[in-house]
Amino acid sequence: MPIKEAYLREATSYEWKLEGESNSAVLFNGIPLPSILNDAGVTGTLITPFQSGEAVFEINDYSITTYIYTDERKMTNEQYDWMLSDILSEAAVCFNYSGLNKGFNSSGRERYLSWAQWSYVKRSFHQLSLLFQKIKTNPFSVLRQESLLMNREKIQQVHTSTERWLERKHGTIEKHVPNQIWTSKRHETHDLYENRLLKQQLLELRHLLSQYRTYANGTLKEEAEQMSNKVLYWINHSFLINVPSHKGQITITQRLRKQPIYRKWITWFDKLYQHQKYEIGFDYDIPLKDTFQLYEMWCYMQLIKQARKNGELVDTSGLYKTTADGIFLSLAENKESTVNLVDDDTITFQRVFQYRDPDRVALDSKALFYTFTQRMIPDIVIQRKDKLYIYDPKYRVPNNIGTALGEMHKYRDGIRNIHTDEQVVEEVYIMTPFQQNGEELRYYTEGFHKRYKMGALKLMPRGNMV
């Protein structure tokens, strides 16, 4: 049909022919299309990109504008955002199992409990303790003068204000000196704004630690209890015992800015609630057109999430890499990001199985598995003891599920135990965000899975798994 009437769909192959022209070049969105000159004219093949939108064909000085429609297999922008959100959320949860001690940056104020906040308190509580030791040896104080009635025998110095009071109340001093005299007295006090603020922060910190103590268990609960008791001791210290806590808006005074110990104290508490955003980010960007890469990562994180719910997670440090700029989620091709489970089981993303000569394979004692044909990199590999379970996310299947499953036989047959030469892949599955109809529906059934130890699984963001 004429190009103007054609319904073009993304990620689809089309044969095209230009009749009556022999020396004309055909450009698709400014890029020349490969072509062959034959008796019918100029012919070629067009594979539309996996993107929708306007497209322009140019033939010499003539251009035709058409539209490439969305493939029903492609997810929406909303589903893309869901996948990205799910990956980062699970990465943040799994960070608790990573055992990493590398610091991370955070921003945004949040008063809810979080693992990032607890890590900050635990890591820097000793620093706060040292700051309090320095403050209590030389706290802010001031000589404050106050007027009061005092027994005359206790008065050591008569101020001008006292003389005026005597003359006003009792006439001249020679006639009568009362037993109690209104006078002024200077005394040192710690009741200053800066110390009131310090006490308020200590009371808040103790309340925060009591919350961690309530919601936690085991070692974390004991640590929160110990720190809470120490904060209570600080609150009851002599220089704070008569100082009320600050109420109202907080203002950073010149004293707080200029005194280095108090300034560090304020900075410590300023960082206490700056843990609203501490996402584990990717170290590279994934464009929307490459959604299939994100889908692979999302499927991997879904399996990890299930293992976490089953109580199988042991160490997730393989998910991350640390740099001078912070912590990043490291899920890229050939990186072999591995999560350790109980009983020495693992879940690996992009695990590499190397080709080795079967006759010399026994000489390699380090590797447990090998391939006798070619290097193989399944997307997701779960290893339980010496058996493997392989999952291959297929966001877009070139032909059909049957053809894709046929390619999975290379994993089942080609990966072997390096010592016994036995096949080690127990089950292989394809993950897709959509489910085929008709005859291919059988690949998704439980009966097919049990009988052949392979098949297809439907896994859609915010959808049900089949």
Working only within the stretch 420-447, note down all residues that are of a type outside the set (D, E, K, R), more than 24 Å from residue 367 (Cα to Cα) and surrounded by fewer than 13 Cβ atoms within 10 Å (Cβ to Cβ). 437, 438, 447
One residue is enough: does the stretch 63-78 have a residue meeting the conditions surrounded by 14 or more Cβ atoms within 10 Å (Cβ to Cβ), at pLDDT below 85 and either in a helix (DSSP H, G or I) or of a type in the set (Lys, Arg) (or both)? yes
Out of all the residues in the stretch 424-442, which are more than 35 Å from the chain's Cα centre (by Cα) and either of a type in the set (A, V, I, L, M, F, W, C) or on the phi < 0 side of the Ramachandran plot (or both)? 437, 439, 440, 441, 442
Subset tally (residues that are under 13 Å from residue 91 (Cβ atoms), at pLDDT 85 or above and in contact with a helix residue (DSSP H, G or I) (Cβ under 6 Å, 6 or more places away or on another chain)) for the stretch 252-309: 4
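Can you tell me which residue among 243, 339 is under 25 Å from residue 116 (Cβ atoms) and modelled with pLDDT of 90 or more?
Being under 25 Å from residue 116 (Cβ atoms) and modelled with pLDDT of 90 or more holds for just one of 243, 339, which is 339.
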When you go through 3, 59, 36 one by one, which is the residue that is exposed (fewer than 12 other Cβ atoms within 10 Å of the Cβ) and of a type in the set (A, V, I, L, M, F, W, C)? 36
Residue 116, sole failed condition from (1) surrounded by 13 or more Cβ atoms within 10 Å (Cβ to Cβ); (2) at pLDDT below 75; (3) aliphatic (A, V, I, L, M); (4) not in a helix (DSSP H, G or I): (4)
Scanning the stretch 22-56 for residues that are in a strand (DSSP E or B), more than 22 Å from residue 67 (Cα to Cα) and of a type outside the set (Val, Ile, Thr), which turns out nearest to the chain's Cα centre (by Cα)? 37
Quick check, is residue 22 surrounded by 15 or more Cβ atoms within 10 Å (Cβ to Cβ), outside the structural domain of residue 291 (by TED's automatic domain parsing) and either at pLDDT below 90 or in contact with a helix residue (DSSP H, G or I) (Cβ under 9 Å, 6 or more places away or on another chain) (or both)? no
Give the residues of the stretch 239-262 that are of a type in the set (D, E, K, R) and part of a loop (DSSP other than H, G, I, E, B), sorted by residue number. 247
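The values are calculated or read from the model by the stated rules, or taken from the named source; none is laboratory data. The model shown is predicted, which means the values in this text are computed figures rather than measured ones. Note that each Cβ is placed from the backbone with ideal geometry, even for glycine, and that neighbours are counted across all protein chains shown.
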